1. Are any residues in segment 265-274 surrounded by fewer than 22 Cβ atoms within 10 Å (Cβ to Cβ) and either closer than 21 Å to Asp236 by Cα or not assigned by TED's automatic domain parsing to the domain that holds Val366 (or both), and if so, which ones?
2. Looking at segment 235-258, can you tell me whether even one residue there is over 17 Å from the mean Cα position of the chain (by Cα), crowded, with 18+ Cβ neighbours inside 10 Å, among the acidic types (Asp, Glu) and not assigned by TED's automatic domain parsing to the domain that holds Ala36?
3. Might you check whether a residue that is touching a strand residue (DSSP E or B) at 6+ places or on another chain (Cβ under 7 Å) and within 21 Å of Asn295 (Cα to Cα) occurs anywhere in segment 264-271?
4. Just give me the residues in segment 33-72 being of a type in the set (Gly, Ala, Ser), touching a strand residue (DSSP E or B) at 6+ places or on another chain (Cβ under 7 Å) and in contact (Cβ under 8 Å) with a residue 60 or more places away in the chain, in sequence order.
5. Being touching a residue at least 12 places away in the same chain (Cβ under 8 Å) and of a type in the set (Lys, Arg) is true for just one of Lys351, Lys329. Which residue is that?
6. For segment 196-292, give me every one of the helices (runs of 4 or more DSSP H) that falls completely inside it and has 1 or more residues that are in contact (Cβ under 8 Å) with a residue 12 or more places away in the chain and of a type in the set (Gly, Ala, Ser).
7. Would you mention how many residues in segment 374-385 are farther than 19 Å from Asp104 by Cβ and either without any contact (Cβ under 8 Å) to a residue 40 or more places away in the chain or within 16 Å of the chain's Cα centre (by Cα) (or both)?
8. Looking at Leu158, Leu172, Leu180, can you tell me which residue is over 19 Å from the mean Cα position of the chain (by Cα) and under 30 Å from Lys233 (Cβ atoms)?
Amino acid sequence: MKISLISPNFSADVSVVDMGMTYLATYLNQKTNHCANIIDFTYKRRGWKKHLKENIERFSPDIIGISTVSMFMQYTRMIASETKEVYNLPIVLGGYHPTLEPEDSLSVPEVDAICIGDGEFTITEYLDALEGNKTVKGIRGLWVKENGNVIKNPLRELIPDIDTLPIPDYSLWEDFDKFLHYNAVVYFIGTRGCPYPCTYCSEFPMRDAVPGKHFRIRDPRAYAREIKFQWKKYKDRGMKVAHTFDPVFPINREWVRNFCDEYKKIGMAAILPFSCFARADTIDEDKIEMMSEANLKIARIGIEAGNERIRREVYEKDIPTDQYRKVFKLLHAKDVAITGYNILGGPGETKETMQDTFDLAKELDVDRPIFFTYRPLPKTKGAEMVKTLGGKIDSGTWDKIDSLHQKSNVHTKDLTPSQIVWFRRKCLFYFTSKRALKLIRIQKHKFFINLIKYVARGMKDGVGFQYIIGYFFVSGGDNVVS
């Protein structure tokens with residue numbers, strides 16, 4: 001059987017490469033008798049129907065799979081409608097939204113089935129059944145429409161040993177070279193799941209949605225060797241940093257030690273810097289020393305709120321502000337650039353608490369502060385807290401927001417969505433100006449040459465202007481490690 005896996009990214013965000021979809025397609029191609037390709041609309045938004053037609057005619061799939069998150073459901077419905085009407089192909093949905101909202105996902109008229117949880121084994125068995133004209137009853141993790149009824153098979157436990165999965169094949173993304181141009185990184189994942197209870201994140205409700213061990217860890221030495229494998233493929237195509245996409249990379253001291261030891265042993269520390277996500281309460285001087293020696297250049301840390309009460313009581317990220325001060329000082333001493341993630345307009349937010357976030361980002365001297373507008377994701381505790389703390393969610397705009405970067409659909413007791421958006425613009429203007437001045441001091445005239453080239457190509461490739469400007473200051477030209 002042939003399956004075309006579709007990434008419904010019409011948001012103009014050039015950082016989107018669905019790792020789960022890549023793993024699934026790679027698994028099907030390397031471990032089964034089935035065949036998968038990937039259709040991506042990131043750079044084809046203007047002529048997406050033509051692009052879909054060309055791919056379907058060239059690959060001749062037997063079935064369509066769409067991996068989707070809640071913010072992309074508007075596009076998933078659009079693609080499903082076109083695919084069913086024009087090509088009359090069966091459609092299966094997978095990803096975070098179908099797992100957390102299976103009823104809503106299966107209510108899309110054109111959708112024939114949904115995969116709940118990890119897709120590698122479930123989709124394989126589904127394709128086996130379709131190919132052999134066998135019943136789909138009993139395929140764990142799969143819900144299927146059949147003769148006007150819905151077969152709700154039992155859930156499947158999450159894959160316990162993720163070391164058994166093949167190295168993801170990014171060549172399946174036809175525009176991966178464009179991704180490398182705009183981001184200068186390749187994504188890697190050494191864990192699945194996250195053990196923390198942050199109220200704004202979908203990982204916590206995922207624990208209740210699917211049985212099995214949620215947080216799973218790969219062999220750290222094999223993880224380091226995977227980076228070398230991909231480096232050999234992409235070192236001459238724009239890769240400048242290995243971006244480990246684990247939600248909390250330094251969670252286990254011995255795991256970090258083994259990864260860093262192997263990364264140095266195989267020679268990667270001398271030639272390729274890496275970045276990682278971390279929590280401020282999982283980093284100490286010893287771990288920073290280990291990672292710095294292995295060429296950690298960018299630490300991506302969620303601050304979330306400058307107001308400690310909002311951070312600890314609303315977002316349930318129980319980290320005192322002094323811990324951020326300590327960790328940021330240690331990282332800066334090792335010349336590690338810090339990307340700091342902040343949320344504006346969450347439950348209980350006020351003008352004063354948003355100002356606290358702005359002020360803390362200034363105080364901590366965050367190299368690359370990112371400001372998201374709060375989005376109440378399905379099944380998260382935070383979505384319930386909006387109402388509990390006197391706010392409301394504008395349901396009429398739910399399907400009109402496709403990112404965390406721009407619009408807001410939350411009214412807090414004291415703030416409107418427009419006030420939240422305007423405050424974010426204030427943050428962007430201040431910190432982008434500050435970063436621009438720093439980069440100009442370092443790069444001088446090259447900064448302007450790189451900016452013009454980056455923006456010109458972005459406009460040619462159909463990237464959204466706000467995204468192209470934003471990503472330039474993070475990864476354009478030499479900025480990825482500056």
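The values are calculated or read from the model by the stated rules, or taken from the named source; none is laboratory data. Values in this document were obtained by computation on a predicted structure and should not be read as measured data. Counting neighbours? That spans all protein chains shown, and the Cβs are built from the backbone with ideal geometry, glycine included.
1. As a first pass, look at segment 265-274 and keep what is surrounded by fewer than 22 Cβ atoms within 10 Å (Cβ to Cβ): 265-273.
The answer is Ile266, Gly267, Met268, Ala269, Ala270, Ile271, Leu272, Pro273.
2. For segment 235-258, residues over 17 Å from the mean Cα position of the chain (by Cα), crowded, with 18+ Cβ neighbours inside 10 Å, among the acidic types (Asp, Glu) and not assigned by TED's automatic domain parsing to the domain that holds Ala36: absent.
3. Start the filter on segment 264-271 by keeping residues that are touching a strand residue (DSSP E or B) at 6+ places or on another chain (Cβ under 7 Å), which leaves none.
No, every residue in segment 264-271 fails to be touching a strand residue (DSSP E or B) at 6+ places or on another chain (Cβ under 7 Å) and within 21 Å of Asn295 (Cα to Cα).
4. The first filter runs over segment 33-72 and keeps only residues of a type in the set (Gly, Ala, Ser), leaving 36, 47, 60, 65, 67, 70.
Now restrict to residues that are touching a strand residue (DSSP E or B) at 6+ places or on another chain (Cβ under 7 Å): 36, 60, 65, 67.
If the condition is that a residue be of a type in the set (Gly, Ala, Ser), touching a strand residue (DSSP E or B) at 6+ places or on another chain (Cβ under 7 Å) and in contact (Cβ under 8 Å) with a residue 60 or more places away in the chain, then Ala36, Gly65, Ser67 are the ones that fit.
5. Numbers: Lys329 fails: touching a residue at least 12 places away in the same chain (Cβ under 8 Å).
Result: Lys351 is the single residue among Lys351, Lys329 that is touching a residue at least 12 places away in the same chain (Cβ under 8 Å) and of a type in the set (Lys, Arg).
6. Values: elements: 203-209, 220-234, 253-265.
Filter on segment 196-292 gives 203-209, 220-234.
7. 1
8. Details: Leu172 fails: over 19 Å from the mean Cα position of the chain (by Cα); Leu180 fails: over 19 Å from the mean Cα position of the chain (by Cα).
The conditions single out Leu158.
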